[in-house]
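Each remark here refers to the structure printed beneath this line.
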Amino acid sequence: MDRFLAPHTPEAIAHSHLTENWFNWDTESPSLDETLIAGCASYTAFSRYLSGADLFLVPQSRRELERVLRRYSYDGIHNIIAKARSTLEPGGYSRICQVVEKSISDVLDTSDNVDYLLALHRPSSIRSESVILHMEHSPSRTIKTQ
C-alpha cells in the first residue's frame, strides 16, 4: 500500500484517523468532514483493489481500472456516511467524489502505477509475458545479469 499511498499522505492519514477514532470522529463538528471522508474512501479503494477479494473482472486498461477504483471509493463513501451521526453540507457528496477522483488520478499518473495495478491480478502466465514485454520496450529499465 505504501507504494501508492504512503503513511504520510492525506489519504493514509484520513484512513488512520477514521479507523482509530471510529466511535467519535463524526461528532467533532456539526457536519461531516468531507476531506476526511474522501481521503479514507480513496485509501480504502486502493486497499480493496490490492486485496483482489471481490474482483471478478480484471481491468484491462487504465479506464477500466479507474472505473473499478471509483466504484470501490463510492462504496467507501457510502459506508462512512451510513455510519455517521452527523450530516453532510449541501453539495458535500459531489465535493467528496471530486476529491476522491483527483486522488485516484494522481496515484495512477505516478510512475508506472497503472501498469503495476493492471498486471497485479492477471493470471501468472499473462503477467510474466506482460512484464517481459514492458521491460523490453522500456529504455529506462535494464536487467542486470551476473
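The values are calculated or read from the model by the stated rules, or taken from the named source; none is laboratory data. The structure displayed is predicted, hence computed values, not measured ones. Reconstructed Cβ throughout: ideal geometry from the backbone, glycine too, with neighbour counts over all protein chains shown. To get the accessible areas, we keep the full protein, side chains included, count just its heavy atoms, and leave off ligands, DNA and RNA. Shrake-Rupley method; radii C 1.70, N 1.55, O 1.52, S 1.80 Å.
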How many residues of region 14-35 are outside any loop (DSSP other than H, G, I, E, B), of a type outside the set (Val, Ile, Thr) and touching a helix residue (DSSP H, G or I) at 6+ places or on another chain (Cβ under 7 Å)? The answer is 6
Being of a type in the set (Asp, Glu), assigned to a helix (DSSP H, G or I) and in contact (Cβ under 8 Å) with a residue 40 or more places away in the chain narrows GLU11, GLU89, GLU64 down to just GLU11
Residue count, region 61-78, condition out of contact with any Leu (no Cβ under 7 Å at 6 or more places or on another chain) and either modelled with pLDDT under 95 or of a type in the set (D, E, K, R) (or both), comes to 6
Subset of region 35-48, residues more than 14 Å from ILE13 (Cα to Cα) and touching a residue at least 60 places away in the same chain (Cβ under 8 Å), comes to PHE46
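Yes/no matrix, rows are residues, columns are (1) of a type outside the set (D, E, K, R); (2) open to solvent by 90 Å² or more (accessible area, probe 1.4 Å); (3) modelled with pLDDT under 50:
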{"site": "GLN98", "(1), (2), (3)": "yes, yes, no"}
{"site": "ASP115", "(1), (2), (3)": "no, no, no"}
{"site": "PRO123", "(1), (2), (3)": "yes, no, no"}
{"site": "GLU129", "(1), (2), (3)": "no, yes, no"}
{"site": "SER140", "(1), (2), (3)": "yes, yes, yes"}
{"site": "ILE143", "(1), (2), (3)": "yes, yes, yes"}
Checked region 1-29 for anything open to solvent by less than 40 Å² (accessible area, probe 1.4 Å) and more than 13 Å from ILE81 (Cα to Cα); matches are PHE4, LEU5, ALA6, THR9, GLU11, ALA12, ALA14
Do the conditions hold for LEU88, that is, is it of a type in the set (A, V, I, L, M), in contact with a Gly (Cβ under 9 Å, 6 or more places away or on another chain) and either modelled with pLDDT under 95 or open to solvent by less than 30 Å² (accessible area, probe 1.4 Å) (or both)? no
>> Can you find a residue that is over 14 Å from the mean Cα position of the chain (by Cα), modelled with pLDDT under 90, open to solvent by 70 Å² or more (accessible area, probe 1.4 Å) and of a type in the set (Val, Ile, Thr) anywhere in region 30-47?
In response: no
